[in-house]
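Participant: Following this message is one structure expressed as structure tokens.
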Amino acid sequence: MSAAAWAWMQFAACAALIGTAGFQLSRYGDAIARHTGLSGSWIGLTLVASVTSLPELATGITSVTLAQAPNLAVGNAVGSCVLNLAFLVVIDLLHRREPVWSRANRGHVLAAAFGVVLLGFLLLGLLIGQLAPHPATDPATQASRWGLGLMTPVMLVLYVVAMRVVFAYERAHPIEADVEPAASPASTLLRQAIARFALAALVVVLAGLWLPFAAIDLARAMDWNRSFVGSLFVAMATTLPELAVTLSALRLGALDMAIGNLLGSNLFNVTIIAVDDLFYRQGALLADVSLVHAVSAASAIVMTGLAMVGLFFRPRDRVLRAVGAVSLALVAVYLLNTYVIFLHGN
């Protein structure tokens, strides 16, 4: 068996495990939330968004510790943000009754705005890290083994603030559930739901630990740069749970939960980069990665801004009766970002 075939087999196995277990995470996470009395919109933004981002968390920590692949970690997290925003186009395409932008609750603009701020601080961190003299060329500026990026504590604190503000807004402006959540016979008891949730989380974490090594083998076999593999292929694998939740929510008619999950996952994904920096022992994480990730961060900011325009102005027109103009713009930015990462990534 060739090296390329073996690399693709490993990567496909990781993706399959993450996708299957990720769907179970969303299923039993929803069951736990219903048993504990959490609101549907809050489920999408926090609980479901956090658990569906477990693959990014496990993959990122493994990449900066065991695999020593910082570009893979940052590329995965930022690429997942871009891909999650591209999933909004999938929602618009599948939501045939009316354009998704005219149906979704305007309250999502608040979560999207916090996403722009977090991504902005991430972009600042990338630029500051690249402007600073590199330790290899200037030993006097060498960071300590416990060194952190300047934006890392800012992003961690901002995530907590964002959750508190959004929660306060949700309490003041509750969103009525689109449908009554369907009872799952496999999760009628809270204890059973917790046990199965923990098992699915374990599978996701183990697959996430394996994924960086499979991605490195894939990059070597295909002669691709790690930034491109992380931003596209690893991001696709680790966002499979988000896609599963999105499709399941649409099937139930829970549009706001689907959108809340994607926007909440982006908040968590940016915070994952700050967590990765805590585990990175070579200095500041954002100073040791390719500047091309700034393109992905900027693309995510533009795409989030486009989503905010759609959510606020609520356009009802569709292009060729398929998707709205906002969705076409999202696709264009996603394709441009992928092309630039492929050409200039490290």
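Participant: Could you give me the residue pairs with C-beta distances under 6 Å whose first residue belongs to region 220-246 and is touching a residue at least 12 places away in the same chain (Cβ under 8 Å) and under 30 Å from Met257 (Cβ atoms), whose second residue is among the acidic types (Asp, Glu) and not in a loop (DSSP other than H, G, I, E, B) wherever it lies, and which are 6+ apart or on separate chains?
Facilitator: From residues that are touching a residue at least 12 places away in the same chain (Cβ under 8 Å) and under 30 Å from Met257 (Cβ atoms), the pairs are Thr238/Glu56.
Participant: While we're here: Counting only residues that are of a type in the set (Val, Ile, Thr) and at pLDDT 75 or above, how many does region 156-196 have? Quick ask: steps written out before the conclusion?
Facilitator: Going through region 156-196, the residues of a type in the set (Val, Ile, Thr) turn out to be 157, 160-161, 165-166, 175, 179, 188, 194.
Going one step further and asking which of them are at pLDDT 75 or above, we end up with 157, 160-161, 165-166, 194.
Final tally of qualifying residues: 6.
Participant: Starting from region 81-98, take each residue that is touching a residue at least 12 places away in the same chain (Cβ under 8 Å) and closer than 18 Å to Leu118 by Cα and list its partners that are among the aliphatic types (A, V, I, L, M) and crowded, with 21+ Cβ neighbours inside 10 Å, counting only C-beta distances under 6 angstrom and pairs at least six apart or across chains.
Facilitator: Cys81/Ala300; Val82/Ala300; Leu83/Ala235; Asn84/Leu262; Leu85/Met303
Participant: Okay, moving on. Hey, any hits in region 26-47 for a residue that's modelled with pLDDT of 80 or more, among the charged types (D, E, K, R) and in contact with a helix residue (DSSP H, G or I) (Cβ under 8 Å, 6 or more places away or on another chain)?
Facilitator: Initial filter on region 26-47 (modelled with pLDDT of 80 or more): none.
Looking for residues that are modelled with pLDDT of 80 or more, among the charged types (D, E, K, R) and in contact with a helix residue (DSSP H, G or I) (Cβ under 8 Å, 6 or more places away or on another chain), one finds none in region 26-47, hence no.
Participant: Test each condition in (1) buried (at least 24 other Cβ atoms within 10 Å of the Cβ); (2) at pLDDT 90 or above; (3) over 18 Å from Val82 (Cβ atoms) for His293 and report the one that comes out false.
Facilitator: With (1) buried (at least 24 other Cβ atoms within 10 Å of the Cβ); (2) at pLDDT 90 or above; (3) over 18 Å from Val82 (Cβ atoms) applied to His293, the lone miss is (3).
Participant: Out of region 227-251, which residues are over 15 Å from the mean Cα position of the chain (by Cα) and either over 15 Å from Val100 (Cα atoms) or charged (D, E, K, R) (or both)?
Facilitator: Taking region 227-251 as the starting set, the residues that turn out to be over 15 Å from the mean Cα position of the chain (by Cα) are 227-229, 247-251.
Ser227, Phe228, Val229, Ser248, Arg251, listed by residue number.
Participant: Can Ala215 be described as small (Gly, Ala, Ser) and surrounded by fewer than 24 Cβ atoms within 10 Å (Cβ to Cβ)?
Facilitator: Numbers: small (Gly, Ala, Ser): yes; surrounded by fewer than 24 Cβ atoms within 10 Å (Cβ to Cβ): no.
For Ala215, the condition - small (Gly, Ala, Ser) and surrounded by fewer than 24 Cβ atoms within 10 Å (Cβ to Cβ) - is not met.
Participant: Here's another thing I want to ask about it. Starting from region 50-64, take each residue that is more than 21 Å from Ala258 (Cα to Cα) and at pLDDT 80 or above and list its partners that are crowded, with 24+ Cβ neighbours inside 10 Å and among the aromatic types (Phe, Trp, Tyr), counting only C-beta distances under 8 angstrom and pairs at least six apart or across chains.
Facilitator: Val64/Tyr280
Participant: Please indicate, with yes or no, whether at least one residue in region 256-275 is touching a residue at least 12 places away in the same chain (Cβ under 8 Å) and over 18 Å from the mean Cα position of the chain (by Cα).
Facilitator: Of all residues in region 256-275, those touching a residue at least 12 places away in the same chain (Cβ under 8 Å) come to 256-275.
Now narrow it down to the ones that are over 18 Å from the mean Cα position of the chain (by Cα): none.
Scanning region 256-275, I find no residue that is touching a residue at least 12 places away in the same chain (Cβ under 8 Å) and over 18 Å from the mean Cα position of the chain (by Cα), so the answer is no.
The values are calculated or read from the model by the stated rules, or taken from the named source; none is laboratory data. What you see is a predicted model, and the numbers here were worked out from it, not measured in a lab. Heads up, the Cβs are rebuilt from the backbone with ideal geometry, glycines too, and the neighbour counts pull from every protein chain shown.
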